[in-house]
Amino acid sequence: MIKYLALMIITSIVTYLLRDSLSLLKYEAYKDTLGALLNVSSIIFAIIGAWIAIIYPRAIGRAFASSNIKDNEIKEAEGDANYLSELVEIVMVSAFVLMTVLTIQFSVPITKGILGPTALKHGKYAIFFTVATLTFIQLHAVFRVILANYFFLNQLRNKNASGKIDVLNK
């Protein structure tokens, strides 16, 4: 949560520093960025969601089962829960970005005609802040997907190497 707050603070500072330029921007300047955010968020949401369902079916089953976890499964369950929590956070961030982008695309054209000149100027600051924050949050999520894959591959390679050493020592 702190990382998202930090991204929002950084975006607030950038918004403040660019305030004079932002009043000249129109909604059309954000359409490509909003489209890209929608596409990237959708892809990450779908892929990570499928990845969770395919790779961790036992962890999902344990979550919905009424029985307790056996002693020999506790270590595996804790490892799955830690990794899954990271993946679920990425899915939730992408879902939040998707919902916000859809809300922006629906509401901005409507509210443009309703707002007066002063409110429109503040609205331009708000839309920049929102789009920039969503962009930074989604970039962070993409980076975390890359890191998660890297660490997953590293863990797999270490287990394979340990397995080969165990076979050679027998």
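The values are calculated or read from the model by the stated rules, or taken from the named source; none is laboratory data. Everything numeric in this text was worked out from a predicted model, so none of it was measured. Neighbour counts run over all protein chains shown; Cβ positions are idealised from the backbone, glycine included. For the accessible areas, the whole protein counts, side chains as well, though only heavy atoms, and no ligand, DNA or RNA atoms are used. Shrake-Rupley method; radii C 1.70, N 1.55, O 1.52, S 1.80 Å.
Observations on the structure shown:
- Rounded accessible area of Asp166 (nearest 10 Å², 1.4 Å probe): 90
- Over the chain, dividing the summed -39,500 (n - 2.57) contributions of all DSSP H runs of at least 4 residues by the number of residues returns a 222 nm mean residue ellipticity of -31500 deg cm²/dmol.
- Span-rule helices in the chain, defined as complete DSSP H runs reaching 18 Å or more along the axis (Cα) with Kyte mean at least 1.0: 2-17, 31-55
- Spin-label model distance (nm) - Ala81 vs Ile10, 7 Å beyond Cα toward Cβ: 3.1
- For the pair Leu24 and Asp166, label points projected 7 Å from Cα toward Cβ lie 6.5 nm apart.
- By accessible area, using a 1.4 Å probe on protein heavy atoms only, the chain has 68% of its surface on carbon and sulfur.
- Residue (of Ala141, Ile43, Ala126) at the positive-pole extreme of the chain, dipole from beta-carbon charges: Ala126
- Our summary gives the chain a relative contact order of 41 percent, counting only alpha carbon pairs under 8 angstrom and 6 or more residues apart.
- Placing pseudo-labels 7 Å out from each Cα toward the beta carbon at Thr103 and Ser42 gives an inter-label distance of 2.0 nm.
- Whole-number accessible area per residue in Å² for segment 98-170, which is evaluated in the context of all protein chains at 1.4 Å: 69
- Extension gain, Gln155 back to Ala53 (0.36 nm per residue minus Cα-Cα distance, nm): 34.8 nm
- Computed from the Cα positions only, the extents of the chain along the three principal axes stand at 78, 35, 25 Å, in decreasing order.
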